[in-house]
Structure formats: structure tokens, C-alpha cells
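Step one of this worksheet: look at the structure below.
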Amino acid sequence: MTAALLTLTARPPCFAEDQPPPPSVPSQNIEPASLDSITSQPPVKSQIAPGPPPVYPQDPRVLFITAPDCEQCFRDLIKLRRPGGDFDAMRSRGWRIGVGHHNHVQIIDRDEVSELVKEANIREFPAVVGISEGKVIRGFKSGCTTPLDAWTLGWLLNGKNERPAGWVSEPARVESTGSYRLRGNHWSVDGDWNPGRPVVLAHLRSPNHGYQVAANYKLESWSYEELRSLHDDLHEREMAMYPAARAPSGSGGADNFSAGRKLK
């Protein structure tokens, strides 16, 4: 990688995507008229300067949260942006990717979502998460064999694992005891995106999942990421049994951008 690619002083232009927002949806909210507007003559139509149409947030959407001086942020974005790569394939199939909140994948600096970063206890960057109604509902953890690619971004948007069979996993870089298969696509635990190990362990032993855990699983000796991976699998197994609980109300449009439908 050249030194120019690692220069972070011009961070916002480097992170930005040149993509206009989609046509706006007319607002249903009507502002009450002020006293001045009622008592004065209406302006001549030709004198009203047209303003830019409002742009509405995409919900759900994926946030790719960057940080200043984050070399890994640049590496991941360079990989996703390579000609003919994941971003190009996704855009050709209708995905919007850029810095605005109208995008399906929004690239944004952590300072612009500081409240979300604090609330979700995000400490590692880039942080790639799926949000709905302002809350993190799914997220990606690097180093857990799952690559950060179009299939992962599709899962973050709609919660469906549509990765084709035969995919090549990445080397594990997190602690593992070999007790359970790792995965990098994580669900939140009772609304907590970044729960501590005791919270995950207690959740797995609770009535929510306790009956699903095999009797020979010695969870207390497992690594943190193994516990998270088990929870994710149990959660998705439960959703398969009860489809109505698949996603929050705000994520109804995600299926329009299913990874399986949009990517070869």
C-alpha cells in the first residue's frame, strides 16, 4: 500500500462516495401557518425560490463507522471499493452506498454518531453495524472467520444469511478453544450490542436459550466469541421457528435489497 493511501489528513474526501440522493418522498407533515403568513398577501409563485428536496433516512441501514488515523478503516474500504469489487456489484443491483443517511450503507465518522457509539459501547473501528429505529440490532466482528464483504453487508441489512455454500473463511484472529465454530455476524443480546462475557453466559443459561444448549456444552470454559457465536446460531434457529420475530418493525423494506437477490 502506498504512503498516499495511508495519509489520513484528507479523511472526509477519502471516505466520501460520489452518489446523489434518491428522489424524495413528499412529507405528510404540514407546518401550521404563522400569523404573518395569514395577514399578508401570498407571494407571487414566480418569486418563490425552489429549495432542495428533503432527504429521508433509510431504515434499516448499515453504518460503516470510521475513526481518525484508522488504518484498518482504509484497508477495508479500499478492498470494498476495488474496481469490479463488492461495492460496484452492490451498486449495479440497486444498493445506495455513501455518506448520506439515505444510503443502504452509510460511511460515517464516529464523531457524527457519537451518541450511538457511546450507547452501543463501540470501541473498535471500523465498526460495521446494522441499525433500525436508531438502535444497533446486528453487527460485524472481524477476525471471526467471516469476511467483510457484500454478503456480510446484506446480512447486516436484512438479518438473513444468504452466503452461498463453499465460501472461503478467513483465518481466526480471536481467542478460541475449539469448542464451537466462530462467526463474525453477531446479533445483539437483549438489545445490548456489546455485552460482557458474564451477560452472554447468563443469557445462554437463562430460560431464553437454556433449553437449546446441549448438555455436553461446558460454556464456562468457552471463549467470549464462541459464546457469541452460539447465541447467534440459537437466535437464528429460534427466528426460523417464529418468523414473526425476525426483525423490528422498521426493517420491513430490507428484503428489497436481499443479498441473494442482488448479488451473483
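The values are calculated or read from the model by the stated rules, or taken from the named source; none is laboratory data. Small disclaimer: the values here were computed from a predicted structure and weren't measured. Cβ placement follows ideal geometry from the backbone for every residue including glycine, while neighbour counts extend to all protein chains displayed. Heavy atoms of the whole protein, side chains included, go into the accessibility calculation; ligands, DNA and RNA do not. Shrake-Rupley method; radii C 1.70, N 1.55, O 1.52, S 1.80 Å.
Quick notes
- Remark: Glu162 matches the filter, which requires a residue to be surrounded by fewer than 19 Cβ atoms within 10 Å (Cβ to Cβ) and modelled with pLDDT under 95.
- Output for the stretch 62-72, where each listed residue is crowded, with 19+ Cβ neighbours inside 10 Å and either over 18 Å from Asp111 (Cα atoms) or of a type in the set (A, V, I, L, M) (or both): Val62, Leu63, Ile65
- Applying the criterion of being in contact with a helix residue (DSSP H, G or I) (Cβ under 9 Å, 6 or more places away or on another chain) and surrounded by 12 or more Cβ atoms within 10 Å (Cβ to Cβ) to the residues of the stretch 168-179, the residue that is nearest to Lys218 (Cα to Cα) is Ser179.
- One residue stands out in the stretch 165-179 among those that are of a type in the set (Val, Ile, Thr) and modelled with pLDDT of 95 or more: the one that is farthest from Gly143 (Cα to Cα), namely Thr177.
- Looking across the stretch 81-99, the residues that are open to solvent by 20 Å² or more (accessible area, probe 1.4 Å), at pLDDT 95 or above and part of a loop (DSSP other than H, G, I, E, B) come down to Arg82, Pro83, Gly84, Ser92, Gly94, Arg96, Val99.
- Top-ranked residue in the stretch 121-140 [being farther than 21 Å from Met90 by Cβ and in contact with a Lys or Arg (Cβ under 8 Å, 6 or more places away or on another chain); ranked as least open to solvent (accessible area, probe 1.4 Å)]: Ile122
- Candidate set from the stretch 149-159 (those that are out of contact with any helix residue (DSSP H, G or I) (no Cβ under 6 Å at 6 or more places or on another chain) and over 20 Å from Glu238 (Cβ atoms)); member that is surrounded by the fewest Cβ atoms within 10 Å (Cβ to Cβ): Thr152
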